[in-house]
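The numbers here are math on the coordinates, done by the rules we state, and not lab data. Not measured: the values here are computed from a predicted model. FYI the Cβ positions are ideal-geometry reconstructions off the backbone, even for glycines, and counts take in every protein chain you see.
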Amino acid sequence: MKLRQILKISLLTSSVCVLATNPAFGEEIQDASGQNIPNRSAYLLVQSSVEVIEVTTVKVNPTDNGVEIILETTKGDQLQVLNRSLGNSYIADIPNAQLRLPNNNSFRQEKPVVGITEITVTNQDTNSIRVIVIGEVSLPTVELFDSDEGLIFGFTGIAPASTSQQEAPTASTPQQQEQPAASTPQPEQPTSETESEQPAAAADEPIELVVTGSPDSGYNAPDANTATKTDTPLLEIPQAIQVVPRQVIEDQQVQRVADALRNVSGVTPQINLVGADTYTIRGFNTNANLRNGFRQDNFTGFTDSATIERVEVLKGPASVLYGQLEPGGIVNYITKQPLSEPYYSAKFSFGSYSYYRPEIDISGPLTQDNTSLYRFIAAYENSGGFRDFAFKELYTFAPSLRVKLADSTNLDLQYEYLNLNQSYDRGFPPITRSFNLPINFNFGEPSDRYELFANRVNVALDHRFSENWQFRSGVSVQTVDTARSNFQPADFANPIAADGRTVARRYNKVGDYSREYSWQNDLTGKFQTGSIDHQLLLGFELSRSVFGYPFQFSYEVPALDILNPVYGAATPTNLEGFEQENDTNKVGLYVQDQVALLPNLKILLGGRLDFVRLRSEERPDINADQTNTTRRYDDAFSPRIGLVYQPIKNLSLYTSYTRSFKPNDSVFSRQPLEPERGTQYEVGVKGEFLDGKLTATLAAYEITKTNVAVTDPNDPDFSIPVGEVKSRGIELDVAGEILPGWNIIASYAHNDAYVSEDTNRSLIGNRLENAPRDSASLWTTYQIQSGNLKGLGFGAGLFFVGDRAATQQEDTLIIPSYVRTDATVFYRQPNYEVGLSFKNLFDVKYYDSQGYLLSPGAPFTVLGTVSIKF
């Protein structure tokens with residue numbers, strides 16, 4: 001290690017020296033957080049002649065007389081540092097660098113050693129990093145070094161708050177160490193009296209290395225790019241967006257991703273008994289999900305929770321960026337990415353109904369210079385179920401690779417393979433009698449089967465032209481093939497005969513297939529027009545989707561007596577049916593400008609042009625050669641306008657207007673319907689509390705959608721148009737850390753979704769299906785932070801879903817409301833964890849909707865886990 005600079009004097013003095021040397025630095029302005037920073041022109045002098053250097057990892061190491069911060073990069077000697085101080089805070093701005101961490105591009109650590117209150121490292125903008133170190137009682141002195149590892153800040157002269165109550169740093173689990181900063185902390189943050197009064201830890205307790213190169217944690221996510229496709233803080237987005245982080249998924253031991261969305265206001269999972277993940281958001285059934293920003297068909301979609309880093313939910317229309325979608329919102333699955341530090345994890349889960357599941361997750365660099373990173377995830381699941389004849393077997397493999405082709409160019413490769421083999425179960429028909437049946441009752445046969453094979457490939461190239469301009473091009477290919485054969489009621493609207501016990505059935509044999517090809521290109525840049533800042537996004541998307549299914553059936557099957565069922569029906573051989581394939585080609589052009597009129601007043605302007613060509617081919621008789629072809633061409637413009645005002649740093653007031661567009665791929669009498677259009681008005685308040693550790697969003701909205709397609713009650717495989725529907729509501733979401741070790745995620749939603757216009761006037765006023773008027777959730781965990789029981793944690797949650805209409809054609813059939821209670825107990829150490837989770841603790845009988853059909857919820861279930869990490 002060679003010494004580059006020795007300051008060893010008060011940083012206040014060093015700041016004065018810098019200001020005296022260059023008057024341009026002497027002029028200070030306030031940033032959005034209210035902190036004084038050097039004039040922007042000072043930064044420009046430095047940036048004009050150097051390239052932007054990527055910092056791939058942040059480390060914090062204790063030393064004999066203090067602590068050191070390492071910004072890992074191969075060009076540490078080229079980093080330029082501008083020093084200053086404010087009170088007990090040392091502030092260093094690096095105007096030619098950017099954080100490029102594996103997960104969130106921010107780092108935060110509280111009380112790493114005695115005498116230091118907090119360390120944060122964040123991106124100030126697209127070409128500068130800010131490092132803040134807050135001393136407890138005085139300003140720490142610093143030495144700057146460069147080495148093969150990168151740039152090193154060495155802090156010495158650290159004084160504790162009280163010599164009689166010195167508190168040794170508390171070793172914590174990796175999950176606790178890596179919580180990203182929600183916002184840049186206030187340098188003048190006072191020392192907490194509560195912290196100084198905590199009992200001291202054992203003097204010989206080890207101090208652990210803090211590394212960002214492992215999965216991030218915490219319940220609070222400071223940013224998400226689903227809403228804007230840019231790194232924008234959630235406070236600056238004029239639309240409601242919620243994030244379910246990985247830590248929530250792990251704490252709740254989520255077995256299927258849809259269950260994680262119970263934590264988000266206004267979202268009701270459409271749980272079916274097969275496994276496809278679909279949702280009702282603000283009263284509207286989603287027609288697709290996103291996977292890393294690429295469309296994922298939800299008719300044949302299945303996602304394994306092992307591959308997911310977090311789930312982002314954008315409320316309201318998202319057509320301005322993603323094209324043809326429902327106006328209620330969109331769910332974006334963000335997958336795990338390769339890490340720059342070695343990470344090895346193995347987990348084994350086991351529980352009720354013969355459930356067992358091993359999985360591994362390994363990652364790290366392939367080369368010594370970290371130019372090639374890898375990650376490999378594999379899981380196997382085998383289980384029965386509470387339903388008659390239930391079984392499931394799942395294989396998941398997900399390798400990924402990140403290669404740094406040049407200093408400013410990265411290439412990402414991801415692949416995922418899924419093989420699912422399980423029973424096929426359509427649940428219960430939407431009739432009152434269904435609620436009186438045992439939840440294990442099955443209208444099908446033990447021979448019913450469902451198989452799914454999915455291959456998903458993503459390739460992304462990221463190139464930075466300069467510190468302000470960046471280009472990203474990505475290709476996604478997803479192929480999914482399914483095969484199902486099953487027995488079910490012949491008439492779901494009136495399945496039971498007049499005798500009250502006999503159900504006529506039919507046999508189905510279907511082979512769904514989907515092909516999704518997408519090419520996205522995004523150019524982002526920052527520039528100024530006078531005193532106004534702009535962040536521009538220009539995008540182009542070219543995609544093709546193919547969805548088809550040969551549908552065969554027979555009514556020549558034995559009926560079922562629900563009071564005395566006899567199973568074992570033979571599979572019929574004389575089948576009739578039809579075959580249909582929809583081939584859709586799409587072109588999208590979009591533009592977005594995030595305009596900062598003032599530091600606390602921002603406007604979001606965006607629009608997208610969509611051009612869609614649909615070709616639908618149908619063979620009315622699968623045993624004949626006749627083919628009918630339907631072609632349609634649609635185009636639409638989808639705008640978005642939003643305004644954000646921040647009266648204070650941690651509070652935002654916003655309003656927005658957004659529209660959506662979706663070609664109607666539903667069919668009526670085997671003919672496509674006209675496109676649907678949606679319009680939303682939304683206002684809201686967003687805030688950060690407890691120094692950014694806790695966030696809250698309160699939103700009110702009204703959505704109107706025209707030419708709506710709904711399930712045909714006489715034939716659930718087809719749809720009918722009803723005219724216009726409306727959705728009005730208010731939502732509240734809260735997430736984050738209340739106290740050290742105490743996390744919470746909570747939500748409440750009131751929604752009134754109903755048919756406002758109907759061509760036959762018979763449905764006006766009917767509630768939309770699976771849209772509860774009220775829903776709420778509360779999940780909280782606490783982990784003991786010190787003492788002999790350190791690492792022991794507890795958690796509990798309540799999930800309330802109000803009554804819902806089973807179908808909007810006849811909303812007199814109401815699915816009862818329910819409150820489900822879950823709980824967990826766990827013990828975590830840096831390299832291992834054991835836990836026990838309890839689902840539906842009080843064995844409540846409840847039902848979810850799978851879009852017209854009913855799915856009984858699982859009874860009391862126990863799930864155990866054992867995992868190791870190193």
Worksheet item: Can you work out ³J(HN,Hα) from phi for every residue in the range 283-295, in order, using Karplus 6.51 cos²θ - 1.76 cosθ + 1.60 and θ = phi - 60°, giving whole Hz and x for Gly and Pro?
Response: x, 10, 6, 6, 9, 6, 10, 10, 10, 6, x, 9, 5
Worksheet entry | the range 392-480: chymotrypsin sites (Phe, Trp or Tyr not before Pro) in DSSP coil with no more than 16 other Cβ atoms inside 10 Å | F441, F465
Response to the item:
The long-range amide H neighbours of L690, using H built 1.01 Å from N in the peptide plane and a cut-off of under 5 Å, are none
Worksheet item: To the nearest 20 debye, what is the magnitude of the charge dipole of the range 322-419 about its Cα centre, counting +1 on the Cβ of each Lys and Arg and -1 on the Cβ of each Asp and Glu?
Response: 140 debye
Worksheet item: What spacing in nm lies between the two simple spin-label points modelled at Q829 and L461, each 7 Å away from Cα in the Cβ direction?
Response: 4.9 nm
Worksheet item: In the neighborhood of H534, defined by Cβ-to-Cβ distances under 9 Å, what is the net charge if each Lys or Arg adds +1 and each Asp or Glu adds -1?
Response: -1
Practice prompt. Can you pull the one-decimal nm distance between simple spin-label points at I764 and T63, each 7 Å off the Cα toward Cβ?
Written response: 7.7 nm
Worksheet item: Out of residues 5 or more away from A288 or on other chains, whose amide H comes under 5 Å of its own, with H placed 1.01 Å from N in the peptide plane?
Response: E326
Discussion item. Between R632 and T367, what is the label-point separation in nm under the 7 Å Cα-to-beta-carbon projection?
Written reply: 5.0 nm
Fill in: Rounded, prolate or oblate (a/c below 1.5 giving rounded, otherwise prolate when a/b exceeds b/c) for the range 413-554 by Cα gyration tensor
prolate
Fill in: Under Karplus coefficients 6.51, -1.76 and 1.60, residue-wise ³J(HN,Hα) of the range 771-783 in Hz, glycine/proline x
10, x, 5, 9, 8, 7, 8, 8, 9, 9, 9, 9, 10
Worksheet item: Can you list the lysines whose alpha carbon sits under 26 Å from that of K790, skipping same-chain ones fewer than 8 residues off?
Response: K59, K111, K347, K693, K839, K869
Worksheet item: Using 1/(1 + (r/R0)^6) with R0 = 60 angstrom and r between the beta carbons of D481 and S531, what's the FRET efficiency to the nearest 0.05?
Response: 0.60
Worksheet, complete the sentence: Row for the range 812-870, column shape: gyration tensor on C-alpha, a ≥ b ≥ c, rounded if a/c < 1.5 i.e. under 1.5, prolate if a/b over b/c, else oblate; value prolate
Fill in: Assigned charges on the beta-carbon of Lys, Arg, Asp, Glu; the range 804-870 dipole about Cα centre (debye)
280 debye
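Would you order T655, T396 from fewest to most other beta-carbon atoms within 10 Å of each residue's own beta-carbon? Kindly include the intermediate steps, with their values, before the conclusion.
On the way: T655 16, T396 23.
By the 10 Å Cβ count, ascending, the order reads T655, T396.
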Worksheet, complete the sentence: Residues H750, H534 in order from fewest to most other beta-carbon atoms within 10 Å are H534, H750
Fill in: Built amide H within the under 5 Å cut-off of G293, gap 5+
Y333
Worksheet item: Pulled fully out, how much extra length does the chain show between Y380 and L609, if you take 0.36 nm times their separation in residues and subtract their Cα-Cα distance?
Response: 78.2 nm
Item to complete: Find out how many positive minus negative residues lie around V708, taking Lys and Arg as positive, Asp and Glu as negative, among other residues whose Cβ is under 12 Å from that of V708.
Response: -3
Item to complete: Under 12 Å from the Cβ of A378, count the other residues' Cβ atoms, weight Lys and Arg +1, Asp and Glu -1, and hand me the total.
Response: -2
Discussion item. In whole Hz and in residue order, list the ³J(HN,Hα) couplings for the range 725-734 that follow from phi through the Karplus curve 6.51 cos²θ - 1.76 cosθ + 1.60, θ = phi - 60°; x for Gly and Pro.
Written reply: 10, 10, 9, 10, x, 9, 9, 9, 10, 9
